[in-house]
Amino acid sequence: MASTCGLALLTTSVASTGAPTKEREPELPPAQVAFKVTPDSNGGPWQLRIENVGEGPVRVPADPRLLILELTPTPDAATATKDKKATAAPRCILPADARPATDDGSDLVIPPKRSWSATFDPLFYCFGARERAALVAGTAVKARFGWPAPAPRAGAKPAAKAPSPPFAVTPVGASVGKVAPAKALEADAFLLTAPVIVARPGGETAWGGDVSAKDKESDAAPSGVTLSIPEALDAARGGELATTVTLTNGTDRPITLLYRPDMLQFAVSGPGGSVSCGLPRSVAAPIRELFITVPVKGKTTTSVLLTTTCPAGTFDEPGIYRVTPRLDTTGASGRSIGLRTWDGLAAGKAPLLVRVRSPRNPALPPRPTLD
């Protein structure tokens, strides 16, 4: 009987005590890191800056590709259409194949009171037609940096577990155990005071060959013959980039000319500077069958492989390229074979915007440095 009572007391003791409970660790404060994006009012590159204003070091993935821009157009622009999808605030973020998947590779330790900065072209992120159209004066821009938290499922309770890597800010050294890591940084919103223009103002277009002052005047003067090119071309890499160039006859009579891909030139402005593609062609022995006639108000189109026309490596690096076409038929006249041809110059007014998302020849990126 005594043995039975002892067993009962032991059972009661275990049941009342239960499994040992783990004390919840206190939440750490966020790292004191200031993130800011500054636009250029003159149409130049924007700047992003991450500054460690705290007392301990932190590590950040110093890669501008982690930038996200959220655009809120002016109320007038938002109510101009009844399409709810069209009025939703555009979100500028690179495709998954161009965004880093981890916080390794370009990581940089920022000591207290130091910073890291980089410049970028906003069109590299806001490349879609809606996003480009929203980059106008009066639009509010909210910048984020890092990895956005996954959206919770409908009706699901918010998760209580700690966030997992990758992180936009990671405590290191003396900061470990004092501040918490963060998946993303958020900057204060700002208003655009000027539109982001595809064709940047200023700067002379660089054409191949010896372009005289008379040629430049001819390019600027309306001849009635114009060139146009698609608005945008998005490519994972700059290996093979093809486009079309359309010639429009805006004169009051039909025109006859030699219009082929090798007659076209292109001025390309990209991350590495400006380069000219193609040279003015001189045709010593014209062939009648190669000439075409474009009627009044008529159009004709030809396809061009830019990566063949331009010097090797022109589009190898990721970034935004502006490609402007030009036609010079002064050296391809058909008058020697009895044809009355249009012998003149025509240039495109609006460039083709090319986005190359990743380098053609992957290599280790340069190590980021502190300001």
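The values are calculated or read from the model by the stated rules, or taken from the named source; none is laboratory data. Please read these numbers as outputs of a predicted model, since none were measured by experiment. So basically every Cβ, Gly included, is an ideal-geometry build from the backbone, and we count neighbours across all protein chains shown.
Is it the case that the range 206-221 has a residue that's at pLDDT 60 or above, more than 30 Å from Pro26 (Cα to Cα) and surrounded by 17 or more Cβ atoms within 10 Å (Cβ to Cβ)?
So far as the range 206-221 goes, no, none of its residues is at pLDDT 60 or above, more than 30 Å from Pro26 (Cα to Cα) and surrounded by 17 or more Cβ atoms within 10 Å (Cβ to Cβ).
Tell me the residue from Thr248, Thr293 that is assigned to a strand (DSSP E or B), more than 38 Å from the chain's Cα centre (by Cα) and modelled with pLDDT of 95 or more, please.
So the residue among Thr248, Thr293 that is assigned to a strand (DSSP E or B), more than 38 Å from the chain's Cα centre (by Cα) and modelled with pLDDT of 95 or more is Thr293.
Would you be able to say whether some residue in the range 304-325 is over 30 Å from Leu94 (Cα atoms) and buried (at least 17 other Cβ atoms within 10 Å of the Cβ)?
There is no residue in the range 304-325 that is over 30 Å from Leu94 (Cα atoms) and buried (at least 17 other Cβ atoms within 10 Å of the Cβ).
Given the condition surrounded by 13 or more Cβ atoms within 10 Å (Cβ to Cβ), touching a helix residue (DSSP H, G or I) at 6+ places or on another chain (Cβ under 9 Å) and either at pLDDT below 95 or within 17 Å of Ser106 (Cβ to Cβ) (or both), answer yes or no: does some residue in the range 79-86 qualify?
no
Taking the range 154-178 as the search range and keeping residues that are closer than 14 Å to Pro29 by Cβ and not in a loop (DSSP other than H, G, I, E, B), which one is modelled with the lowest pLDDT?
Here the residue is Ser175.
Matching residues to (1) touching a helix residue (DSSP H, G or I) at 6+ places or on another chain (Cβ under 6 Å); (2) of a type outside the set (Lys, Arg); (3) under 21 Å from Ile229 (Cβ atoms):
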| position | (1), (2), (3) |
| --- | --- |
| Arg253 | no, no, no |
| Pro261 | no, yes, yes |
| Val268 | no, yes, yes |
| Ala284 | no, yes, no |
| Thr293 | no, yes, no |
| Leu306 | no, yes, yes |
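Checking the structure you have, find out if any residue of the range 102-111 is assigned by TED's automatic domain parsing to the domain that holds Gly54, surrounded by 10 or more Cβ atoms within 10 Å (Cβ to Cβ), at pLDDT 95 or above and under 22 Å from Thr193 (Cβ atoms).
no
Just checking, which of Ala284, Ala312, Ala267 is outside any loop (DSSP other than H, G, I, E, B), among the aliphatic types (A, V, I, L, M) and either at pLDDT below 95 or within 24 Å of Ala232 (Cβ to Cβ) (or both)?
Ala267
Any chance you could count how many residues in the range 139-150 are modelled with pLDDT under 95 and surrounded by fewer than 20 Cβ atoms within 10 Å (Cβ to Cβ)?
3
Within the range 244-275, how many residues are under 19 Å from Asp343 (Cα atoms) and crowded, with 18+ Cβ neighbours inside 10 Å?
11
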